[in-house]
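No lab work stands behind these numbers, since they all come straight from the coordinates. These numbers were taken from a predicted model, which means no experiment stands behind them. Cβ atoms come from the backbone with ideal geometry, glycine included; neighbour counts cover every protein chain shown.
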Amino acid sequence: MPHKTNSMQHAAQLVANYQPSTVSESQTDYQPNAKKTNAADNSNSSKNELLTDPYAVVLWLRMSEMYGNLWISAHGDTPSKLWASAIKSLSGQQINHGLELLIKRGEKYAPSLPEFVALCKSYHPPTKQITKEKRPPTDKQKVSKHIADMRRALHS
């Protein structure tokens with residue numbers, strides 16, 4: 001479990017040092033045709049850039065807690081640009097909903113990115129209940145009098 005502990009400590013440290021102004025919009029966009037660079041040269045800086053979104057960091061922590069080494073070995077200890085971009089498009093309520101559904105479903109394996117996004121987007125905010133206005137009981141004598149008054153007014 002030392003790998004998981006190191007990953008969790010790394011992610012927790014990044015959450016603590018979160019500074020939203022350090023990443024521009026273009027740095028988190030997925031660019032399939034972008035020029036590839038040597039991963040060893042940029043591994044530390046790119047990890048820090050990708051983990052500036054607190055939702056991404058928290059999601060990675062939760063997935064690591066839920067799926068352990070299965071998650072880390074499949075997806076790494078930090079989100080890819082594609083995951084970071086997808087997470088950025090979701091609200092906190094949607095992410096929480098997706099995580100809750102994963103727990104309720106109790107599946108052994110972690111979802112793919114499209115599966116997780118679909119779970120998150122199935123969230124619908126609660127609607128406000130419309131209650132009927134309570135009226136006092138109807139006074140039948142008053143209603144009869146008003147109807148008689150209207151009939152007289154119509155026939156006069």
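Hey, LYS132 hits all of (1) in contact with a helix residue (DSSP H, G or I) (Cβ under 7 Å, 6 or more places away or on another chain); (2) part of a loop (DSSP other than H, G, I, E, B) but one; which does it fall short on?
Failing condition for LYS132: (1).
I'm trying to understand the selection: among the residues of the range 85-111, which are more than 18 Å from TYR67 (Cβ to Cβ) and among the hydrophobic types (A, V, I, L, M, F, W, C)?
LEU90, the sole residue that qualifies.
Quickly run through the range 97-128 and pick out the residues that are surrounded by fewer than 13 Cβ atoms within 10 Å (Cβ to Cβ) and touching a residue at least 12 places away in the same chain (Cβ under 8 Å).
Answer for the range 97-128, where residues must be surrounded by fewer than 13 Cβ atoms within 10 Å (Cβ to Cβ) and touching a residue at least 12 places away in the same chain (Cβ under 8 Å): ILE103, TYR109, SER122, PRO125.
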